[in-house]
Amino acid sequence: MTTFSIAIHGGAGTILRNSLSADAERNYREALDAALIAGESVLRHNGSALDAVTAAVISLENCPLFNAGKGAVYTHEGGHEMDASVMRGDTLQAGAVAGIHSVRNPVLLARRIMEKSEHVLLSGRGAEQFAREQQLVFENEDYFHNDFRKQQWQDALREGRIQLDHTAGDEKKFGTVGAVARDRAGNLAAATSTGGMTNKRYNRIGDSPVIGAGTYANNSTCAISCTGHGEFFIRAVVAYDISCLMEYKGLSLKQACEKVVMDKLVKFGGEGGLIAVDHHGNIDLPFNSAGMYRGWSLENQGRGVAIYRD
């Protein structure tokens, strides 16, 4: 029996030590650790990588600190539109959802789409109808309310801008959450979830629910979950590009991630990062922004959570 690996993220961007109070930093670290424990627990009991990434992302979706599920940011209309996706590396099956309202855990809906429908990506009212047929939990708007997020939305409205997350001023933070894992059977999986941009309009959709852009998993190469400026990640097909560099060019996980995140994306103007695990269980967590909320665990090799570049 081989060992397991898991990594999680809670967003990347201009996250500096002087931008977080000691209490805020402690709260973020505790929330990341809780999500990591949720995924680790599945893997330690010989559960699947798919179950592990689902459990970890549910934990992050249920935490108001992160821009997904309960912590989803406000749209221009004052509501919440959420996106999510999952993919399993053994079968290349995938499920994704975009532009949904009121579903407590979008990652569960993405997984049901993968497992219970003939489709990969559903959106809007149709996706919500499917969620009801699957008896998933819905919440009212009060569940998603957050005073800080609402203030950021009102500031963005007043200034007539779109904000990449709920940080103040010109700071940027990409609030997607995600998880990747390799289980003891050697299978890979990835999951990603987001509330998108503060004050977004026109049912804007980023890279998180786009298989190959924000999420990808293939047992032959790697599993990837991205966080960044979605338009750039879609155009660069980031997640699949890393897999392709490994499959067709023979690059290692670290080499492929370095090429895409620190070279190609930078030249392209894309900011953010990703978490990755390869078929051997190696983990890489590259980002070209100032920080990224992240956590990792390799069985018998240690675990940890981090926020800043250093």
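The values are calculated or read from the model by the stated rules, or taken from the named source; none is laboratory data. As the structure is a prediction and not an experimental result, all values here were calculated from the model. Cβ placement follows ideal geometry from the backbone for every residue including glycine, while neighbour counts extend to all protein chains displayed.
Listed residues V73, V53, V57; which is β-branched (V, I, T) and either free of Cβ contacts under 8 Å to residues at least 60 places away in the same chain or not in a helix (DSSP H, G or I) (or both)?
Numbers: V53 fails: either free of Cβ contacts under 8 Å to residues at least 60 places away in the same chain or not in a helix (DSSP H, G or I) (or both); V57 fails: either free of Cβ contacts under 8 Å to residues at least 60 places away in the same chain or not in a helix (DSSP H, G or I) (or both).
Sole residue among the options that is β-branched (V, I, T) and either free of Cβ contacts under 8 Å to residues at least 60 places away in the same chain or not in a helix (DSSP H, G or I) (or both): V73.
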Filter result for G230 (more than 24 Å from R44 (Cα to Cα), surrounded by 22 or more Cβ atoms within 10 Å (Cβ to Cβ) and either touching a helix residue (DSSP H, G or I) at 6+ places or on another chain (Cβ under 6 Å) or in contact (Cβ under 8 Å) with a residue 60 or more places away in the chain (or both)): no
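Taking the criterion of being among the acidic types (D, E), at pLDDT 95 or above and over 19 Å from the mean Cα position of the chain (by Cα), would at least one residue in region 265-282 satisfy it?
Of the residues in region 265-282, the ones among the acidic types (D, E) are 271, 278.
Applying the additional criterion that residues be at pLDDT 95 or above yields 278.
Keeping just the survivors that are over 19 Å from the mean Cα position of the chain (by Cα) gives none.
Scanning region 265-282 turns up no residue that is among the acidic types (D, E), at pLDDT 95 or above and over 19 Å from the mean Cα position of the chain (by Cα).
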Looking at V73, V107, can you tell me which residue is modelled with pLDDT of 95 or more, on the phi < 0 side of the Ramachandran plot and buried (at least 24 other Cβ atoms within 10 Å of the Cβ)? V107
Quick one: which of V137, V120 is at pLDDT 95 or above and under 30 Å from D278 (Cα atoms)? V120
Quick one: in region 212-227, of everything that is surrounded by fewer than 24 Cβ atoms within 10 Å (Cβ to Cβ) and of a type in the set (G, A, S), which residue is nearest to I15 (Cα to Cα)? G212
Counting only residues that are part of a strand (DSSP E or B), closer than 14 Å to P209 by Cα and out of contact with any Gly (no Cβ under 8 Å at 6 or more places or on another chain), region 89-120 contains a total of 4
